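Please treat every number below as a calculation from the coordinates, not as lab data. Remember, it's a predicted structure, so these values are computed and weren't measured experimentally. Neighbour counts are summed over all protein chains in view; Cβ atoms, including those assigned to glycine, are modelled from backbone coordinates with ideal geometry.
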Amino acid sequence: MDDRDAAQGARRGSIPRGIDPFLQRRDAPRRAVAVPLVPLFLYLAALLVLGACSRVSDGDVDKLGNAARGQQLLAQYQCGGCHAIPDVPGARAGIGPPLAAWGRRSYIAGHLPNTSPMLQRWIMNPDALVPGTLMPAMGVGEADARDMVAYLMSLS
């Protein structure tokens with residue numbers, strides 16, 4: 001096909017055979033098929049990274065505090081007087097919400113984001129975060145609260 005046939009085809013509104021409509025010149029290099037896959041690859045990579053950030057791993061729980069000690073502290077501070085807590089002796093009450101699968105929850109007290117620092121603050125002084133809450137301040141110190149958070153966040 002020569003340039004004259006291509007020009008006639010363009011005037012008629014049809015695309016002549018052998019000419020890519022997205023190329024402006026016949027001799028321009030064609031794009032590789034992999035180029036459209038780059039945005040898809042970047043999207044999938046971003047999903048993997050974001051997915052990895054959304055869960056607390058066992059190593060992260062250890063950085064938060066001592067989960068085994070936190071389990072003991074939940075019994076010591078008698079949290080089971082109001083809450084049902086898995087694997088905590090005597091923690092079978094139903095006055096407060098059950099704390100099973102706490103690590104998967106989105107909110108504390110219905111509207112505070114369930115993050116480790118926020119949960120630690122909540123355990124230490126719940127009334128400061130939600131005035132009028134029924135959860136009492138039990139005199140939990142910072143180190144104890146950190147260990148309690150480590151245990152609760154490990155429940156999933």
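Pro117 meets all of the listed conditions (1) under 21 Å from Gly141 (Cα atoms); (2) crowded, with 16+ Cβ neighbours inside 10 Å but one, namely (2). Only residues that are buried (at least 18 other Cβ atoms within 10 Å of the Cβ) and either farther than 15 Å from Gln71 by Cα or of a type in the set (Asp, Glu) (or both) were counted across the stretch 122-156, and they come to 6. Taken together, the residues in the stretch 93-128 that are within 23 Å of the chain's Cα centre (by Cα) and not in a loop (DSSP other than H, G, I, E, B) amount to 15.
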